[in-house]
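Here is the structure we will look at, set down as structure tokens.
The values are calculated or read from the model by the stated rules, or taken from the named source; none is laboratory data. Because the structure is a prediction, the values reported are computed rather than measured. All Cβ positions, glycine included, derive from the backbone under ideal geometry; neighbour counts span all protein chains shown. Accessible surface areas use protein heavy atoms only, side chains included; no ligands, DNA or RNA. Shrake-Rupley method; radii C 1.70, N 1.55, O 1.52, S 1.80 Å.
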Amino acid sequence: MTDKRKTIIRPLHADDETAWRALWRDYLTFYKSTVPEDVYASTFARLLGTDEQDYHCLIAEQDSTPVGLVHYLFHRHCWRIENVCYLQDLFADPSVRGTGVGRQLIEAVYAAADAAGAPSVYWMTQDDNFTGRQLYDRVGQLTNFIKYQRPA
């Protein structure tokens, strides 16, 4: 599928909060998850903050309407001198999936990592996210790491 509308990738602005909340809510819904209001508020504030250790957000916009987002973070790594980049959340509205919005958001994170001198960008997804993995297989390299976490 192709989309003739021009996509602009830009940093999150303070006046994006309503659109950002809607996109992030839909992302969380996709992963069958929710977060309380205080997490929405603190996450949005951190995304707009100036601490380089906080998350960053880029918005994909078409016709002045946000249609996608990506959250990413630079952090230290014991195996490198340079920071690495973790792409935590990537979401494109279903109406624009397959049009290159997701790829453009990932490539924008790659560019931000390059500008920051971070040689590695990595992310995770669920193994049954077949649609997303079709894109990830084209723009990334699948690793053999398995995620574990502390039991609840």
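Some values worked out for this structure:
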item: Apportionment of accessible area to carbon and sulfur, the stretch 33-136, percent (1.4 Å); result: 50
item: Axial C-alpha extent at least 30 Å, average Kyte-Doolittle at least -0.5 - helices from the chain (DSSP); result: none
item: Residue-wise HN-Hα coupling along the stretch 56-67, computed from phi with Karplus coefficients 6.51, -1.76, 1.60 (Hz; x: Gly, Pro); result: 10, 9, 10, 10, 9, 10, 10, 6, 6, 10, x, 10
item: Accessible area of the stretch 79-152 divided out per residue, in Å², using a probe of 1.4 angstrom; result: 71
item: Length-normalised contact order for the chain - Cα pairs under 8 Å, 6+ apart - percent; result: 21
item: Filtered GluC sites (Glu not before Pro), the stretch 54-119: DSSP coil and at most 16 other beta carbons within 10 Å; result: Glu82
item: Options (i) 17.4; (ii) 16.4; (iii) 15.5 - which one matches Kirkwood radius over Cα pairs in Å as calculated here; result: (ii)
item: For the chain, size of Cβ-based charge dipole, Lys and Arg +1, Asp and Glu -1, in debye; result: 440
item: Rg followed by Dmax, in Å, when the stretch 67-152 is reduced to its Cα trace; result: 13.8, 41
item: Average Cα contact separation per residue, the stretch 17-87, under 8 Å, 6 or more apart, as relative contact order %; result: 22
item: Filtered chymotrypsin sites (Phe, Trp or Tyr not before Pro), the stretch 1-109: DSSP coil and at most 14 other beta carbons within 10 Å; result: Tyr31, Trp79
item: For the chain, built as a Gaussian network whose Cα springs stay under 10 Å, the top-fluctuating residue of Thr131, Thr34, Thr43; result: Thr131
item: Neighbour-limited loop hits for trypsin sites (Lys or Arg not before Pro), the stretch 53-152 (at most 11 other Cβ within 10 Å; DSSP other than H, G, I, E, B); result: Arg76, Arg80, Lys147
